[in-house]
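Notes for the one structure printed next.
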Amino acid sequence: MIKKLLLMGMLLGAVRAGAQTYTPTADNLAARQNFQDMKFGLFIHWGIYSELGAGEWVMNEKHISYDSYKRLADFFNPQAFNAHEWVMFAKKAGMKYITITSRHHDGFSMFGTKASPYNIVDATPYHKDPLMELAQECVKEGIELHFYYSLLDWGRKDYAFGSPIVDGKPVNGDWDSYINFMKAQLTELITKYPGVKGIWFDGHWERDVNWHYDEIYGLIHKLNPAILVGNNHHLEPKEGEDFQMFEKDLPGANTTGFSGKSKIGALPLETCETINNSWGFNITDRSFKSSKRIIHYLVNAAGLNANFLLNIGPMPNGKIQPEFTDTLAIVGAWVQKNGEAIYGTRGSGIPAQPWGVITQKDKNLYVHVMTLPQLPYVFIPQLKGKVTKAALLADGSAVKFKQQTEGVFVYLNGIATDPNDTIIKLTTN
Ligand code: FHN
């Protein structure tokens, strides 16, 4: 009997030890709030692949052998890179944070790392660390910095891309070595680079292995508990993650096929989308989104309680192409004028309507009319609280409204509409 009880006790202990539950610290919770307040970020895909001007998957898509691809490092020399210019570009666009690829699937590290010689400082004639310059500039300019980090690696022997997976490990690789390599790099990224606030993982979907997230996320939060961990695994959030992301889809939508299994959880949300149709620099991709489309994506995301991370792929010389700067200058001017209805807001919980969405901050609701309706009013269902005032955000002029039990009618006749988004601020008690 005593033996049996002892065994049960040991088992329970083991279960408890295995079932580590992640409790975010107060600093982490504050970082999540701040993350949600920022609403708009710049995603940057930049690497040696940029030289070929055909996106970041070029090695894989064009069947370039790893050894041939590696030569790109020999002549990657982005002399025109200027961290200040990039940060000012983001700031001017109204973005509050930058998420940049520290290492993509090609396995090339865009930062000075001791964990592999295949990095921008040691393997290119540039010999400098652009991510350090960017981190320092971000601190100076009050922009948050997050690092994208690929779990998938097409070239490393220990990762063994293409290997069969048995018992959660690649048969032809050395999985423990790969996990340790990632831990070493993540430690560098978090401890060496000033002001880093988040890690954005990608590549989980490539194989069904034991990614050791308990160790990896545990390490990140041990090094800095306030760091926000997100993983583009296209699944529901996992233990140890601090925000949930969606790729090329607003939360709840699944036009890409990526989001079928990513039911919306309780964490802060982010959605990323490309400014044209490519993540990394693509010289033939001229499908540039208009400023209006970008503004609408931002507003729709905010209406669904999500941040918008808009991607650009800078050119191999380190410059951002003029099509992007022109569009984002327009977006920036719009956000500067209408930021009250975006920054610091949360989704109102009122579903998106055919004409637009509603964001909320404290007792204020912001009605974003992006498609003018046929009838001269919009109807807002499920609105809690009594509306005491309605005014056009642009100039504060009064707007007529009528509140009934089923919702609020806001009348648009006679008001100055905005071709991007006519915003009416409702004050409730
Ligand atoms: O394969 C990557 C792709 O190159 C890019 O980085 C995007 C960004 O969300 N994520 C992956 C696809 O899910």
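The values are calculated or read from the model by the stated rules, or taken from the named source; none is laboratory data. This structure is a prediction, so every number in the text was calculated from the model and none was measured. Backbone-built Cβ (ideal geometry, glycine too); neighbour counts: all protein chains shown. Accessible surface is based on the protein model in full, side chains and every heavy atom, while ligands, DNA and RNA are left aside. Shrake-Rupley method; radii C 1.70, N 1.55, O 1.52, S 1.80 Å.
Couple of notes before you dig in:
- In the set T325, T345, only one residue is open to solvent by less than 10 Å² (accessible area, probe 1.4 Å) and closer than 19 Å to K96 by Cα; that residue is T345.
- Region 257-280 - residue that is within 11 Å of the ligand (Cβ to nearest atom) and either among the charged types (D, E, K, R) or not assigned by TED's automatic domain parsing to the domain that holds L309 (or both) and, of those, farthest from Q36 (Cα to Cα): E273
- The set of residues in region 138-177 that are closer than 19 Å to F43 by Cβ and open to solvent by less than 20 Å² (accessible area, probe 1.4 Å) comprises C138, I143, L145, H146, F147, Y148, Y149, S150, L151, L152.
- Taking the listed residues T124, T113, T99, the one that is within 16 Å of the ligand (Cβ to nearest atom) and crowded, with 16+ Cβ neighbours inside 10 Å is T99, with no other qualifying.
Residue by residue, here is whether (1) surrounded by 19 or more Cβ atoms within 10 Å (Cβ to Cβ); (2) of a type in the set (D, E, K, R) holds:
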position: A30; (1), (2): no, no
position: I48; (1), (2): yes, no
position: K62; (1), (2): no, yes
position: K70; (1), (2): no, yes
position: D74; (1), (2): no, yes
position: A83; (1), (2): yes, no
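- Test: residue in region 101-123 that is assigned to a loop (DSSP other than H, G, I, E, B) and among the β-branched types (V, I, T): yes
- Note on region 380-427: residues that are open to solvent by 20 Å² or more (accessible area, probe 1.4 Å) and either β-branched (V, I, T) or under 32 Å from the mean Cα position of the chain (by Cα) (or both) amount to 15.
- Of the strands (runs of 3 or more DSSP E) lying entirely inside region 212-301, those containing at least 2 residues that are within 20 Å of D27 (Cβ to Cβ) span 228-231.
- Output for region 96-129, where each listed residue is under 25 Å from G332 (Cα atoms) and touching a helix residue (DSSP H, G or I) at 6+ places or on another chain (Cβ under 8 Å): K96, Y97, I98, I100
- Qualifying residue in region 187-209 (condition: of a type in the set (G, A, S), away from the ligand (no atom under 13 Å from the Cβ) and under 13 Å from the mean Cα position of the chain (by Cα)): yes
- M59 falls short on exactly one of the conditions (1) outside any helix (DSSP H, G or I); (2) within 16 Å of the ligand (Cβ to nearest atom), and that condition is (1).
- Only listed residue being without any contact (Cβ under 8 Å) to a residue 12 or more places away in the chain, more than 25 Å from T271 (Cα to Cα) and of a type in the set (A, V, I, L, M), chosen from I64, I48: I64
- Qualifying residue in region 144-164 (condition: in a loop (DSSP other than H, G, I, E, B) and either more than 21 Å from D202 (Cα to Cα) or not assigned by TED's automatic domain parsing to the domain that holds W46 (or both)): no
- Output for region 255-274, where each listed residue is at pLDDT 85 or above and open to solvent by less than 40 Å² (accessible area, probe 1.4 Å): G265, L267, P268, L269, E270, T271, C272, E273, T274
- Pairs where the first residue, in region 147-176, is within 16 Å of the ligand (Cβ to nearest atom) and the second is hydroxyl-bearing (S, T, Y), C-beta under 6 Å, 6+ apart: F147/S102; Y148/T99; Y148/T101; Y149/S102; D153/Y159; G155/Y66; Y159/Y178
- Condition check for G332: part of a helix (DSSP H, G or I), within 30 Å of F81 (Cα to Cα), in contact with a helix residue (DSSP H, G or I) (Cβ under 9 Å, 6 or more places away or on another chain) and open to solvent by less than 10 Å² (accessible area, probe 1.4 Å): yes
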